[in-house]
Amino acid sequence: MTDVLIVTGLAGAGKTTVLKTLEDMGWEVVDNVPLSLLARVVVAPDAHADAEAPRPIALGLGARTRDFDPDAVRRRVDQLRAMDGVDVQFLFLDCSGRELARRYAETRRRHPLAEDRPPSEGIAQERTLLAPLRAWADRLIDTTRMKAHDLAQQTRADFTRGPHGGTTLTVESFGFSRGLPVGADLVFDMRFLRNPHWDPALRPHSGKDPDVAAYIAADPAYEEAVGRIEDLLLLLVPRYHAEGKPYVTIAFGCTGGKHRSVHVAERVAGRLREGGFSPTIAHRDLAAAPRDALEERPQGQ
């Protein structure tokens, strides 16, 4: 059986966040696929004869989709539901007009239905256009009071497949100089590792940069310490799941939250994925401006 999720809703309500989260969870994701190609994108299970199970598929539709029309969407979805071995769900993302207008003002984006008009006019027009699909949807999520992180967690809770689907796992980086993250269950201090901040060539980059990662990994204590943390988490996270804990947040901190904690969070999240989990990665302080006064200077400098 191939699971198919059609994701649509008001522009700005969070479709991109949902699709990105599903992609991180291992779903095959296609956004704004033309309606005429929907059936071709959905692969029947017999095409995966050598696989244990077909990958679930998420298809994003919206006002930017070629030939988008609510009646045509329903006809195409009904065609998918008529296919053998395909289970189709339809998710609609809603949001209040006031919150959508605030989001457009904050990001300075143009509404797809009001390129040369105020976003509020496009929002009203789109709400009327999509009303039939909202009423027809299998699932509805109102994102008015949700941040992107909240929506990602909701998506994981609703659509995770596999033995660890009941626990929403988040791996977060942060800077101690800006305080501990709220709600962290496990906190690991990475300030014992060598600090790229004091290398002028590395300072402008982040822990996602290969050169920064290599610099941190060259610390003599790095491999053993991080490896032991990974082993510990692979032991503990299933226990949290077995105890029914719905959310687990693992936080890695360094001084500024830009280099060491970011790199280790990325590495550990990858190790957890290899272990069968689907963590969300959040870098709380990655965009914050670095300050020398906050960073510890290595001895002898």
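In this structure the amide hydrogen of GLY12, modeled in the peptide plane, comes within under 5 Å of no amide hydrogen from residues 5 or more places off or on another chain. Amide H contacts under 5 Å for GLU172: ILE250, ALA251, PHE252, ALA282, restricted to partners 5 or more places along the chain or on a different chain, H placed in the peptide plane at 1.01 Å from N.
Pair-distance distribution of the stretch 136-254: all C-alpha pairs, bin width 5 Å, starting at 0; shares per bin in whole percent are 2, 9, 15, 17, 17, 14, 12, 8, 4, 2, 1, 0.
Principal axis analysis of the Cα atoms in the chain yields extents of 70, 51, 34 Å, listed in decreasing size.
For the set ARG260, ARG75, the ranking by accessible area, highest first and with no ligand, DNA or RNA atoms included, is ARG75, ARG260 under a 1.4 Å probe. Need one word for the stretch 64-200: rounded, prolate or oblate. Basis is the Cα gyration tensor (sqrt eigenvalues a ≥ b ≥ c); a/c below 1.5 gives rounded, then a/b vs b/c decides. Cα axes put the stretch 64-200 in the oblate bin.
Our estimate of slack between ARG40 and ARG64, defined as 0.36 nm per intervening residue step minus the Cα-Cα distance, is 6.7 nm.
Take GLU106: with every protein chain present and a 1.4 Å probe, its accessible area is about 130 Å².
In this structure LEU35 has an accessible area near 10 Å², from a 1.4 Å probe over the protein heavy atoms. Heavy-atom accessible surface of the chain, averaged per residue, reaches 50 Å², computed with a 1.4 Å probe.
Using only side-chain charges placed at the Cβ, +1 for Lys and Arg and -1 for Asp and Glu, the dipole size of the chain relative to its Cα centre rounds to 900 debye.
Taking every DSSP bridge with both residues inside the chain, close to 5 percent are antiparallel.
Each residue was assigned an accessible area with a 1.4 Å probe, and for SER206 the value is about 20 Å².
The values are calculated or read from the model by the stated rules, or taken from the named source; none is laboratory data. No experiment lies behind these values; they were computed from the predicted model shown. Cβ: placed from backbone, ideal geometry, glycine included. Neighbour counts: every protein chain shown. Note: areas computed on protein heavy atoms with side chains; ligands, DNA, RNA excluded. Shrake-Rupley method; radii C 1.70, N 1.55, O 1.52, S 1.80 Å.
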